[in-house]
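The values are calculated or read from the model by the stated rules, or taken from the named source; none is laboratory data. Since this is a predicted model, take the numbers as computed values, not measurements. Here the Cβ positions follow ideal geometry from the backbone for every residue, glycine too, while neighbour counts run over all protein chains shown. The area values use the complete protein model at the heavy-atom level, side chains included, leaving out ligands, DNA and RNA. Shrake-Rupley method; radii C 1.70, N 1.55, O 1.52, S 1.80 Å.
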Amino acid sequence: MSEIYQIAIDGPSGSGKSTLAKGVAKALNIMYLDTGAMYRTCGLAAIKKGIPFKDEQKVAELMNSMKLEIKFVDGKQLMILDGIDVTDSIRTPEVSIAASDISSLAVVRTKMVDMQREISKAQTFVLDGRDIASKVLPNAKYKFFLTASSSKRAERRLAELNSKGDFSQTYEEVLRDIEYRDKQDSSRANAPLIKVDEAVEICTDNINIEETLNTLLSYIDKSDIGA
Ligand code: DC
């Protein structure tokens, strides 16, 4: 039986983490866990119940009462909240901010981190997020940290929203949201976004996804690629 290992890809919003993680999962034929989707689902749950995102007491009650399930179907990660498939509805700008706000609370992080560790221990996984290498899986075999300028990341995020038919935000609004989330995700007391010393840092400003993917794969042991 081949070894079970994990790959951590951390970085700020719009740095290309999810596209790359999907590419890595495909190239290595391993599972992919998008941890941001989990915090997004918590954010959506709070929106649905009208709970202020930073009200610790009410959010703690929400964490106990909500039912969050993750299903992997044909390589796609489905997020199920209280029995309803919310995979697509967690991708709005409103949920992005809610996710950033709610993810600063320890009561939320503890629950999500436990789930992430449980899911990724049984099979080889690539996980993307903010704290995968620093907190969730400090023993991950491979660790990457992606960066890109906020303007480049805002361009990408806007293109992604537009490609889904969402034209609700201007470039300036997307940039403002990215800068708000950068500041909050990096400065919070609980597991902020940081690069661990041993992570390979890749700036995606001037290289395209295919090149970045090849760079990333070049760090992976050939026997893990099956070559
Ligand atoms: O990766 P994303 O944009 O889908 O993440 C949404 C928010 O969730 C992000 O602003 C911060 C939070 N998050 C986190 O705190 N830790 C993670 N491992 C992943 C996401």
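Run the numbers for ASN64 and ASP221: contour at 0.36 nm per residue of separation, minus the present Cα-Cα distance, in nm. The partial results should precede the final answer.
Values: separation 157, 0.36 × 157 = 56.52 nm, distance 4.10 nm.
Full extension of this stretch gives 52.4 nm more.
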Could you derive backbone 3J(HN,Hα) for the range 152-167 from the dihedral phi with the Karplus parameters 6.51, -1.76 and 1.60 (θ = phi - 60°), listing whole Hz in sequence and x where the residue is Gly or Pro? 5, 5, 5, 4, 5, 5, 5, 4, 5, 4, 4, 5, 9, x, 9, 10
Return, ordered by residue number, the residues of the range 187-203 whose backbone nitrogen is under 16 Å from a label point located 7 Å along Cα→Cβ of SER149. 203
Potential extension, LEU78-ALA27 segment - 0.36 nm per residue separation minus Cα distance: 16.3 nm
Show that you can apply the helix-only estimate: for the chain, add -39,500 (n - 2.57) for every DSSP H stretch of four or more residues, divide by all residues, and state [θ] at 222 nm to the nearest 500. -15000 deg cm²/dmol
Can you list the residues, at least 5 places off or on another chain, whose amide H is less than 5 Å from the amide H of THR147, using H built in the peptide plane? ILE202, CYS203, THR204
Rank LYS22, LYS58, LYS143 by mean-square fluctuation in a GNM of the chain with C-alpha springs under 10 angstrom and give only the top-ranked residue. LYS58
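Over the chain, average the accessible area per residue using a 1.4 Å probe and give it in Å², no decimals.
Details: 11060 Å² over 227 residues.
That works out to 49 Å² per residue.
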Computed lengthening from SER187 to ASP88, 0.36 nm per intervening residue step minus Cα-Cα distance: 32.8 nm
Taking the alpha carbon gyration tensor of the chain, what are the square roots of 5 times its eigenvalues, largest first, to the nearest whole Å? 26, 21, 17
With a 1.4 Å probe and all protein chains kept in place, how much accessible area does LYS141 have, in Å² rounded to the nearest 10? 80 Å²
